[in-house]
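Take a look at the structure set out below.
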Ligand code: PMP
């Protein structure tokens, strides 16, 4: 047990002094004290299997010994800002990160958060294209600065105050909720057991969504497209996948009109999708700008924008970009250790193998229960969308999803939530998770759904 402020006092301080928007997630908020790899411990010593990873932030495991050692070493050597002087940690990190990206994505800008990274990417797109408008999907989440708020279009994150300018949303080609269905899963193992109600040929649906996309390009922003942002799989919106081939065609259309294409890898990068290190690779596209955060520092505040030398030059012509802490020696030491651990422990492959195993297990539950409408995702990024019934696909009411969520917590499993109606469970464990832990998680989730069905029947 950890001795600190009593739980009651923590709640009082939260109510009196902290932002009312700091999400507590459960009616009785969880007070965490310790983490180890894929496990978390609360103030009473209860243990939880962490299948949300601090919103997809813990990549290699809580308090990973190698990452902690790198942080401790740098802590005792030098803390400093990133600007003004040179620090070898930054240069070593830049070399390691750039080696993981294809040509010509070789110029790195380091920031502290995903929002900052996406802000900078917006600036680059405008500086390079000399245009204004940036397009993003409905359902996208790209950050919480005034500019990225405008790019974000998911539920309560859509800002109602004037923020940035020149952002335009376009239909999200969501194969589960979208009007034309479609399939992202032709080469997914889940296909074999999926009762897929989408069009037999996913390309047909993709073409319909592309027509919609063209409509946005031709009517709303025809004369001034600066860029197009896309997450390879939408995270906050509930692990939403697009029809196969959509992004490739969308990128071509944007480029034909003078815009640049930006992949937001904040949740999908660093091997989480298993088959590839970056999410954009799973779509067979090459973006002009890639943004990354969260898993990059295994929970330490750190983020990056990677782009081409040409785009970096365009930015330099417009502004002297400066960031006091972005890429400071502490962050870079940690970032380097994270990259080493991913490689040494073969975590991308673990993500592929254990993720596929997990996808298949949850897909079986989808076939068993009427209220599990869809199971989707790739690697260790899985979404379980809850519905009233499979025919209507109406979202399961929020209170019912809350109850299942709460029951999982009481049985020792933490999962995330997502989607406009908060109807989708997000299952995104640290990349070091094992198959027995997945078995435990699936059993807990199944038990929570059964409890729910029993309550409903009463
Ligand atoms: N992009 C995506 C895809 C995200 O999920 C998030 C955070 N949820 C951000 C950007 C913003 O990152 P940050 O909270 O570090 O500013």
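The values are calculated or read from the model by the stated rules, or taken from the named source; none is laboratory data. Predicted, not measured: the structure shown is a model, and the values here were computed from it. Glycine also receives a Cβ, built like all others from the backbone with ideal geometry; neighbour counts cover every protein chain displayed.
Worth a mention:
- Test result for residue 351, in the same structural domain as residue 270 (by TED's automatic domain parsing), touching a residue at least 12 places away in the same chain (Cβ under 8 Å) and either part of a helix (DSSP H, G or I) or buried (at least 17 other Cβ atoms within 10 Å of the Cβ) (or both): no
So that you can scan it fast, the table gives a plain yes or no per residue for (1) more than 20 Å from residue 40 (Cβ to Cβ); (2) assigned to a helix (DSSP H, G or I); (3) touching a residue at least 40 places away in the same chain (Cβ under 8 Å); (4) not assigned by TED's automatic domain parsing to the domain that holds residue 25:
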position	(1), (2), (3), (4)
370	yes, no, no, no
377	yes, no, yes, no
405	no, yes, yes, no
409	no, yes, yes, no
441	no, yes, yes, no
453	yes, yes, yes, no
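- When each of 307, 268 is tested for being within 11 Å of the ligand (Cβ to nearest atom), touching a residue at least 12 places away in the same chain (Cβ under 8 Å) and touching a helix residue (DSSP H, G or I) at 6+ places or on another chain (Cβ under 7 Å), the lone residue that passes is 268.
- If you go through the stretch 92-115 and pick out every residue that is within 16 Å of the ligand (Cβ to nearest atom) and either farther than 20 Å from residue 313 by Cα or surrounded by fewer than 20 Cβ atoms within 10 Å (Cβ to Cβ) (or both), you end up with 4.
- Positions within the stretch 127-147 being more than 16 Å from residue 174 (Cα to Cα) and more than 11 Å from the ligand (Cβ to nearest atom), in sequence order: 127, 128, 129, 130, 131, 132, 133, 134, 135, 146, 147
- Residue 342 vs. criteria away from the ligand (no atom under 16 Å from the Cβ), crowded, with 21+ Cβ neighbours inside 10 Å and over 21 Å from the mean Cα position of the chain (by Cα): no
- Residues of the stretch 228-249 satisfying the condition of being on the phi > 0 side of the Ramachandran plot and within 15 Å of the ligand (Cβ to nearest atom): 238, 239
- Counting only helices (runs of 4 or more DSSP H) that sit wholly inside the stretch 1-91, those with at least 3 residues that are at negative phi, loosely packed, with under 11 Cβ neighbours inside 10 Å and more than 16 Å from the ligand (Cβ to nearest atom) are 7-17.
- Number of the exception - residue 245 against (1) surrounded by fewer than 21 Cβ atoms within 10 Å (Cβ to Cβ); (2) at pLDDT 95 or above; (3) more than 20 Å from residue 100 (Cα to Cα): (2)
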